[in-house]
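One structure below.
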């Protein structure tokens, strides 16, 4: 052995590598345990975890047009091309609309529309 370099082909080198990897794994497990307990404590205090919902100015602006075009039977790609937005934006608008409808229907005990 020469300083911090060690030979992995010798028994001493393999033992040292095994020892160091065991310590590294132990440290990783301790950090993971601390993070999980911290998240659980924050959740218990009522802290809301996760990404915040942001503003969607483009989705909010185009939502009525997209919903009207979906009602006409247009495809998502056609709507996206016609309005100059991405197909994913169209999909997100439709999904938000459907979740809002189902939430309102469940509150009022009404069946959501399935003819789409």
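Applying a threshold of 9 Å to beta carbon distances and a minimum spacing of six or more residues, or different chains, the list of pairs starting in region 65-85 at a residue that is in contact (Cβ under 8 Å) with a residue 24 or more places away in the chain and ending at one that is loosely packed, with under 12 Cβ neighbours inside 10 Å and assigned to a loop (DSSP other than H, G, I, E, B) reads 70/116. Just to confirm my filter: which helices (runs of 4 or more DSSP H) fall fully inside region 5-116 and include at least 3 residues that are touching a strand residue (DSSP E or B) at 6+ places or on another chain (Cβ under 7 Å)? Fully inside region 5-116 and qualifying: nothing.
Within region 39-59, is even one residue in contact with a helix residue (DSSP H, G or I) (Cβ under 7 Å, 6 or more places away or on another chain), free of Cβ contacts under 8 Å to residues at least 60 places away in the same chain and surrounded by 10 or more Cβ atoms within 10 Å (Cβ to Cβ)? Looking through region 39-59, at least one residue is in contact with a helix residue (DSSP H, G or I) (Cβ under 7 Å, 6 or more places away or on another chain), free of Cβ contacts under 8 Å to residues at least 60 places away in the same chain and surrounded by 10 or more Cβ atoms within 10 Å (Cβ to Cβ).
Values quoted throughout were computed directly from the atomic coordinates according to the rules given, and no laboratory measurement underlies them. Treat the numbers as computed from the prediction; the structure is a model and nothing was measured. Virtual Cβ from ideal backbone geometry, glycine too; neighbours counted across all protein chains shown.
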